[in-house]
Amino acid sequence: MPQLALFATDIVAVTLLVFGLYFPRHRRRDLVAAYLGVNIGVMAVASSLGTSSAGTGLGLGLALFGVLSIIRLRSTELDQHEVAYYFSALALGILSALGGGPTWQVPAMMGLILLMMFIGDHPRLFRSYRRQSMLLDSAVTDQVALVAHLEQILGARVHSASIQRVDLVNDTTLVDVRYSHPSVQRAARGVVVTAASGGVPR
């Protein structure tokens, strides 16, 4: 596939990634510029290095972008889904710059990235599951008692409770909790059943 066509495919793909998937779902405006800039920057540098005869220069350039991306990720607070979008934008840029092989290969790989992000970050996927850090006003060291206490507070089923810190002086416990709300699961099933029967939810 001609290089200009690959660049155009990348622009379409990153536009779908940022404006079709990420921003409508998460509404974080500052990362829009970050994803677009990383994608276009990687594509420009990798394509320039790829046209030279110095293969080591290409490898060094890509390694540099990897180091810069790690520094960027360490300099601000990003959720894991935002990290996934970050590296998806990187991958799209690299694919467009180094595209080779059959004509269908690069567009297919870009489409696969977009498809996996669409599915993996879909708001209906595991919608009842939550993760939260909680600071309890008591020092709890017994795991069974901790889970029971958390389920009572959250009104949810606790799947994992990892104690991060126990302060016996101030009588506090910092815990990382993974839990799910049965009511959300039942509501989701009710919507599906209602839609299938053609009724109106009450």
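Here, each number is a calculation from the coordinates, and none is a lab measurement. Everything numeric in this text was worked out from a predicted model, so none of it was measured. Counting neighbours? That spans all protein chains shown, and the Cβs are built from the backbone with ideal geometry, glycine included.
The calculated FRET efficiency for Phe23 paired with Leu154, based on their beta-carbon distance and R0 = 35 Å, is about 0.70.
As a rough guide to protection, the peptides 99-107, 32-40, 161-169 ranked by mean Cβ packing within 10 Å, highest first, stand as 32-40, 99-107, 161-169. Couplings for segment 102-117, taken from phi via the Karplus curve 6.51 cos²θ - 1.76 cosθ + 1.60 with θ = phi - 60°, read x, 4, 7, 5, 5, x, 5, 5, 5, x, 5, 4, 5, 5, 5, 5 Hz in order; Gly and Pro are left as x. Between Asp142 and Ala5, the simple label model (points 7 Å from Cα in the Cβ direction) yields a spacing of 7.0 nm. A straight chain from Ser128 to Trp104 at 0.36 nm per residue would run longer than the Cα-Cα distance by 4.8 nm.
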